[in-house]
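A.B. asks: Below you'll find the structure I mean.
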Amino acid sequence: MGCMIGIDLGTTNCCMAVLREGVPTVIPGRQGHRTMPSVVAFADEGPEMVGLIAQRQAVTNPHRTIYGVKRLIGRKFDDEALQRFQAMVPYDVVAADNGDAWVQTRDDKYSPQEVSALLLREIKHCAEEFLGEPVTEAIVTVPAYFNDNQRQATKDAGKIAGLDIRHIINEPTAAALGYSTERGTDQCLAVFDLGGGTFDITLLRATDGVFEVLASNGDTFLGGNDFDQCLFEHLAKTFQDEHGHDLRDDPVAVQRLKEAAEAAKQELSTTETTAVNLPFLAAGTSGPLHLKIDALRRETLEELAAPLLSRLEAPCRRALDDAGISVGDLDQVLLVGGMTRMPAVQRKVEELFGEITARDSNPDEIVATGAAYQSGIMSGQLQDVVLLDVTPHSLGVKVKDDRMSVVIERNTTIPTSENKLFATTRPGQDYVDIEVYQGEHADADRNTYLGRFTLEDLPAKAAGKVTVLVTFMLDADGVLHVTAKETETGNNASVRIEPSSGLSQEKVGELVLYHAS
Ligand code: ADP
Ligand code: MG
């Protein structure tokens, strides 16, 4: 029996930790750093590169350097969010046979699960080196808004890497667990997580070792990348103004500018000015062209980023509204994610929540630390702590006129089980297709389709006279199991909702919500 570790499999960086004798320890990567870039790269031939070495060669190999793959996992190619993502990255995203979004590199297509598995395999390797024993199990964190497909795909990535993902927990919950377990207090917490690509705000209450998520909100297109992009545009424009040369078409120059922008952004978190020096960025008619800015000021970055900083406000307000609490009810705001090191972000947090920001936790490590605690809960090392989480989306079935009938409401504590009674809509209807969706729209088709199954051999009766009890069971990982039972004969069918794989839409036997009258 191997060891269990906690993994924050981030969009930008991974962090891993283990609980030993009740104390969490961060496991260093191959180069000794406490986080590992979530980057995988492919050379012309030979094995893949993972982590820091992959990140370091990105400049010379932009098309085959895969980063941000977490944004693809469990998504369809025609997903709206995906088109925006493709515009941001230099590698190709393609449609797999089942319609899923995959990555094309060298001459092969890779599923995001396989790419994530390469990261997980590296993590497993580092953990085994560090611990001196096999690591076979893990707790992995995912964003609270991850849907069923994304959670299952994450579990599959673990399987490919030889890791049994025993439990998936939401990142903010893990952060709160990491923070509160060490401090042991009953608190109402806000977890403010600004990472590389996304922003999440979650409100939780920790009472007697029970963690209850009150509400979560966020913006899936707001993160450090956007701040880098502002600064990138500024640098490219400075260069163009000076040399009359547009660098945006040269992938190597673009990658160098992006890296310089990110480095400058990070530096400006601790200094007021920084220098940007990029020699030989392009060839001009009279020799090589360089970009040299002696003093890039923090103020300049803050001005450029002002619109991004404003976008942090609305999700925070919505979360407070959803939770039905006010700022005064909060005891602590936990800062998570590398971007919360930016002083202007910290000021925005104080503007929104007041001066209750916990400064004694590490924004890069707190999520992995929480995952390590969860492994301790599961292995029995830690007692008296229970984790209660919620589903961030409503779950339901498609009924007559393509409407969404919600079975499990958003923000319900998991695990949970709910049922609802439906009736047939056509005379003699002898089967129904149960189509499962996730989302908040009244039109089912505007929500995320999760999967479907058919309940057959219904008794022949008039429309509305056959009733079907549909039960949704959402387990502790946030994975949905659905059963349907015809109430008279007891005929039933059940399914663990598998990631939808572009099933053909045959004619559907419709359902309406049954009103017992
Ligand atoms: P993810 O959750 O997406 O894996 P992280 O929490 O690791 O992301 O955050 C990565 C982001 O944080 C990157 O955009 C990075 O540039 C930014 N970042 C890291 N350190 C700093 C810093 N000192 N100042 C500003 N931004 C930083
Ligand atoms: Mg993160």
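A.B. asks: List, please: which pairs have Cβ atoms under 9 Å, are six or more places apart or on different chains, and start with a residue in region 262-277 that is more than 7 Å from ligand 1 (Cβ to nearest atom) and end with one that is assigned to a loop (DSSP other than H, G, I, E, B)?
C.D. replies: Cβ pairs passing all conditions: Leu268/Met342; Thr274/Leu268.
A.B. asks: Also: May I ask you to list the residues in region 417-445 that are modelled with pLDDT under 90 and closer than 24 Å to Leu203 by Cα?
C.D. replies: Gln438, Gly439, Glu440
A.B. asks: Just give me the residues in region 80-98 being part of a loop (DSSP other than H, G, I, E, B) and either among the aliphatic types (A, V, I, L, M) or under 20 Å from Lys155 (Cβ atoms) (or both), in sequence order.
C.D. replies: Of region 80-98, the ones part of a loop (DSSP other than H, G, I, E, B) are 89-91, 96-98.
Answer for region 80-98, where residues must be part of a loop (DSSP other than H, G, I, E, B) and either among the aliphatic types (A, V, I, L, M) or under 20 Å from Lys155 (Cβ atoms) (or both): Val89, Ala96, Asn98.
A.B. asks: Mind counting the residues in region 29-47 that are within 14 Å of ligand 1 (Cβ to nearest atom) and out of contact with any helix residue (DSSP H, G or I) (no Cβ under 8 Å at 6 or more places or on another chain)?
C.D. replies: Total satisfying the criteria: 2.
A.B. asks: Condition first: modelled with pLDDT of 95 or more, assigned to a loop (DSSP other than H, G, I, E, B) and away from ligand 1 (no atom under 13 Å from the Cβ). Now tell me which residues in region 1-28 satisfy that.
C.D. replies: Correct list: Ile27, Pro28.
A.B. asks: Out of (1) within 16 Å of ligand 1 (Cβ to nearest atom); (2) open to solvent by 10 Å² or more (accessible area, probe 1.4 Å), what's the single condition that is false for Glu242?
C.D. replies: (1)
A.B. asks: Pairs under 9 Å by beta carbon, first residue at pLDDT below 90 and assigned to a helix (DSSP H, G or I) in region 229-256, partner open to solvent by less than 30 Å² (accessible area, probe 1.4 Å) and among the hydroxyl-bearing types (Ser, Thr, Tyr), six or more apart or different chains?
C.D. replies: Matching pairs, first to second residue: Gln255/Thr65.
A.B. asks: Restricting the search to region 445-488, which residues are open to solvent by less than 60 Å² (accessible area, probe 1.4 Å), farther than 27 Å from Thr413 by Cα and in a loop (DSSP other than H, G, I, E, B)?
C.D. replies: If the condition is that a residue be open to solvent by less than 60 Å² (accessible area, probe 1.4 Å), farther than 27 Å from Thr413 by Cα and in a loop (DSSP other than H, G, I, E, B), then Leu458, Pro459, Ala462, Ala463, Gly464, Val466 are the ones that fit.
A.B. asks: Residues Thr173, Thr220: which one is touching a helix residue (DSSP H, G or I) at 6+ places or on another chain (Cβ under 8 Å), of a type in the set (Ser, Thr, Tyr) and closer than 30 Å to Ala261 by Cβ?
C.D. replies: Details: Thr173 fails: closer than 30 Å to Ala261 by Cβ.
Exactly one residue qualifies, and that residue is Thr220.
A.B. asks: Okay, next question. Any residue in region 280-291 that is in contact (Cβ under 8 Å) with a residue 12 or more places away in the chain, open to solvent by less than 30 Å² (accessible area, probe 1.4 Å) and either under 26 Å from Gln346 (Cα atoms) or part of a helix (DSSP H, G or I) (or both)?
C.D. replies: No.
The values are calculated or read from the model by the stated rules, or taken from the named source; none is laboratory data. Values in this document were obtained by computation on a predicted structure and should not be read as measured data. All Cβ positions, even for glycine, are placed from backbone atoms using ideal geometry, and neighbour counts span all protein chains on display. Note: accessible area is taken over every heavy atom of the protein model, side chains too, but ligands, DNA and RNA are not part of it. Shrake-Rupley method; radii C 1.70, N 1.55, O 1.52, S 1.80 Å.
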